[in-house]
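The values are calculated or read from the model by the stated rules, or taken from the named source; none is laboratory data. Keep in mind it's a predicted model, so treat the numbers as computed, not measured. Every residue, glycine as well, gets a Cβ built from its backbone with ideal geometry; the counts of neighbours run over all protein chains shown. The protein model used for the area step is the full one, side chains on, heavy atoms only, and it has no ligands, DNA or RNA in it. Shrake-Rupley method; radii C 1.70, N 1.55, O 1.52, S 1.80 Å.
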Amino acid sequence: KMPGTGFKVPEELAQFREFLQKIIDHEAAVNPELDRYYAYLTVDQKDVEAGTTHRRPGVHIDGVQGARYPVKLPPEHLYSASDALGTVFYDQAFDLGRLDPAKHHVHAELERQAKEENARAVPEYQIAFWDSYSVHRADVALEPLRRTFIRVEFSRKKYDSVGDTHNPLFDYDWEPV
């Protein structure tokens, strides 16, 4: 979804329409400015070896705006679910007050402060609703498995980085950054 447009889901992802509709309905109920937002969909399915993670390892957040955004945007709203190895969130406070995201490695500080006794994994097939400042990590597979992870992100940011996937149902030509 682009600002000012409706949602367009490629036919190849039709199996996720019910999941997506639940998310869209919820976001429309909690975000009165939804029309001004982009919506980004991630569907990632692969084999995961024992002792590894499916997604990015380590404690992190998905919303560091850093120096590219001198005027900060509202936090993103994210929704995610998986059929195995639920995302692990940390139910605790983190103190980043003395850090400057343009100079310091925020994720290293989050990793330092994270306490595993406060870690909570999202159950399989449950939709998690979180924001871009929710501290989390991928869980480690105890045995080999195949995992599907789905995330929908509502953001005011234009995802125009080199390597970002483009939805063929939208007509746009962004200069990659």
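Grab the other residues whose beta carbon is less than 13 angstrom from that of P3, score K and R as +1, D and E as -1, and report the net.
Local charge sum for P3: +3.
What distance in nm separates the simple spin-label points at S161 and Y133, each placed 7 Å from Cα in the Cβ direction?
2.0
How much accessible surface does R137 have with a 1.4 Å probe, in Å² rounded to 10?
Per-residue accessible area (R137): approximately 50 Å².
Please compute the net charge surrounding E49, taking Lys and Arg as +1 and Asp and Glu as -1 over other residues with Cβ under 14 Å from its Cβ.
With Lys, Arg at +1 and Asp, Glu at -1, the neighbours total +1.
Among T87, L13, M2, which residue has its Cα furthest toward the positive end of the charge dipole of segment 1-120, with +1 on Lys/Arg Cβ and -1 on Asp/Glu Cβ?
M2
K1: which aspartates and glutamates have alpha carbons under 12 Å from its alpha carbon, excluding same-chain residues fewer than 8 sequence positions away?
By straight Cα distance, K1 reaches D35, E153, D171.
If I model a spin label as a point 7 Å beyond the Cα along the Cα-Cβ vector, how far apart are those points for D25 and Q92 in nm?
Between D25 and Q92, the label points sit 3.7 nm apart.
Could you tally the net charge around K158, taking each other residue with its Cβ under 14 Å from the Cβ of K158, Lys/Arg +1 and Asp/Glu -1?
-1
Among the GluC sites (Glu not before Pro) in segment 86-177, which ones are in a DSSP loop with at most 12 other Cβ atoms within 10 Å of the Cβ? Mind listing them?
Taking segment 86-177 and a limit of 12 other Cβ atoms within 10 Å, the loop GluC sites (Glu not before Pro) found are E124.
For the pair E116/E12, report the inter-label distance in nm, with labels modelled 7 Å from Cα in the Cβ direction.
Using points 7 Å along Cα→Cβ, the separation is 3.8 nm.
What's the magnitude of the charge dipole for the chain around its Cα centre, counting Lys and Arg as +1 and Asp and Glu as -1 at the beta-carbon? Answer in Debye, nearest 20.
360
Tell me the per residue accessible area of the chain using a 1.4 Å probe; a whole number in Å² is fine.
I get 59 Å² per residue for this part.
Do the sum for the chain: with -39,500 (n - 2.57) for every DSSP H run of n ≥ 4, divided by all residues, what is the mean residue ellipticity at 222 nm, to the nearest 500 deg cm²/dmol?
The helix-only estimate for the chain comes to -4000 deg cm²/dmol at 222 nm.
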